[in-house]
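Everything on this sheet refers to the single structure shown next.
The values are calculated or read from the model by the stated rules, or taken from the named source; none is laboratory data. Predicted, not measured: the structure shown is a model, and the values here were computed from it. Quick reminder, even Gly has a Cβ in these numbers, built from the backbone with ideal geometry, and neighbours come from all protein chains shown. The accessibility values were calculated without ligands, DNA or RNA, using every heavy atom of the protein model including side chains. Shrake-Rupley method; radii C 1.70, N 1.55, O 1.52, S 1.80 Å.
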Amino acid sequence: MSDLTEHYRLLLGLDEAWIVSQVDLAVADKKVEILLTHRGGRLVCPDCGAGCAQADLAPERQWRHLDTMKFQTIVRARTPRANCPQCGVKTIAVPWADKHARFTLLFEAFAIEVLTACSNVKRAAELLGLDWQTAHGIMQRAVERGMKRRSVEEVRHVGLDEKSFGRGQNYVSVMTDLDGSRVLEVTEDRTQVAADQLWNSLPDTQRGQVLAASMDMWQPYLASTRTNVPKAEIVHDKFHVSKQLNEAVDRVRRQENKALRAEGDERLVGSKQLWLFAPRNLSRRRRKELDALKRQTLKTSRAWALKEHFRRFWRYVYTRSAAEFFEDWYGWAVRSRLQPMSDTAKMLKRHVNELLSYFRHRITNAMAEGFNSRIQEIKSAARGFHAFANYRTRILFYCGKLDLTPDLNSH
Ligand SMILES: [Zn+2]
């Protein structure tokens, strides 16, 4: 038994003050129970660090430890309480677990590795023999730990993005560090308040060092950014701009299709996708269909040409050349007699400074693109009560690049 005692002493990282006084093997229950006893003597107050006398022992508590050969392993102990002249009677910190945790640090560290490797929280919880709530608690503590440790000193370019979750009626706002490719913070909703909360999550000095922020043309985000980081340049995300142009082309197609079908002309039926993708991303067969349609005098093909031509905008090296290109393109669009294209062009013109700032920073929200599919995956799991808090925890757990592991040496 003394070998086993020494084994657990080492595993739990016990200091001299603690001894393994008993190891019970309950074969039928597949359980190992380890009883730890404190030697007594001088104690350290957990609040102020003063040396104190012992008051008494707290009631027994249990912590789940790493399994021993498939045997669930439980640590049991009565923790001494210090009688601090300053702070009163306080339960001392134990070397094997965090303050209110029901697990040993080694167990938490292992659980975090399994959760990270698994990416499916439900599956990881099954492997660990934990219920969903407990697994979530471990993730939550891990995220808190990581947020306390992380540095945001290097943040220069950020992205603001909205994501829907739940049944698609709810939104969260996400702030990413575009250079560090990590999610910095997640807040509820997509209002100006939500964006303010994102900006306020950065300490004042760091906020002042942000050079540029990438976002779509969502007014609450713009207003918040102008207020909270007046020196940062706003850069409109080029993928959002493409999306706007695609939507305008689709509006033209829908109107035209309707008019043509009224005369029995089915040319545009089933053509929706042809106009939305870059031609190089279409299959050969579909590209041929597109070419055939383009040769005809259709409003949709003129709208499409406007949209495709705008791609060149992003390829300029100099802001001034890009500005000249924009003016030409704008003139073409507003004279096109295609209402959706002209409306979109006017909207882009109102934001032309934030479009041109792209050439000074060259940032897009897609720089953190890897997250989008990840956040999408996580979303499906974030339902029900506390859905937002759960969603935030998971996004930061998987996309925050945080140092999540408990510090096994600090105890
Ligand atoms: Zn004290």
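Here are some notes:
- Environment charge at residue 104 (Cβ cut-off 14 Å; Lys +1, Arg +1, Asp -1, Glu -1): +2
- For residue 29, the accessible area of its heavy atoms, probed at 1.4 Å with every protein chain present, is near 110 square angstrom.
- Take the convex hull of the alpha carbons in the chain; its mean projected area over all directions comes to 28.3 nm².
- Over the C-alpha atoms of region 107-148, the Rg to Rh ratio, Rh being the Kirkwood estimate, stands at 0.94.
- Convex hull volume of the Cα atoms of region 14-100, normalised per residue: 94 Å³.
- Pairs from 31/401; 70/401; 307/349; 231/379; 163/288; 99/401 whose Cα-Cα separation, in the structure shown, is over 26 Å: 31/401; 70/401; 231/379; 163/288
- For the chain, with all protein chains in place and a probe radius of 1.4 Å, 49% of the accessible heavy-atom surface sits on carbon or sulfur.
- Normalised alpha carbon radius of gyration of region 268-410 [divisor 2.2 N^0.38 Å]: 1.51
- Relative to the Cα centre, the charge distribution of the chain, modelled as +1 at Lys and Arg Cβ and -1 at Asp and Glu Cβ, gives a dipole magnitude of about 2180 debye.
- Accessible area per residue was computed with a 1.4 Å probe on protein heavy atoms; residue 359 scores about 20 Å².
- Furthest towards positive pole of dipole, 210, 318, 228, structure part the chain, Cβ charges: 318
- Charge tally in the Cβ shell below 13 Å around residue 62, where Lys, Arg are +1 and Asp, Glu are -1, residue 62 excluded: +3
- Only beta bridges with both residues in region 161-256 are counted; by DSSP, about 75 percent of them are antiparallel.
- Tensor-based shape of region 10-166 (alpha-carbon gyration tensor, a/c under 1.5 rounded, otherwise prolate or oblate): oblate
- Probe 1.4 Å, all protein chains present, accessible-area order of 47, 216, largest first: 47, 216
- Region 124-177 shape via C-alpha gyration tensor axes, a/c threshold 1.5: oblate
- Residues whose amide H comes within less than 5 Å of that of residue 52, counting only those at least five positions distant or on another chain, are 43, 44, 45 (H built at 1.01 Å from N in the peptide plane).
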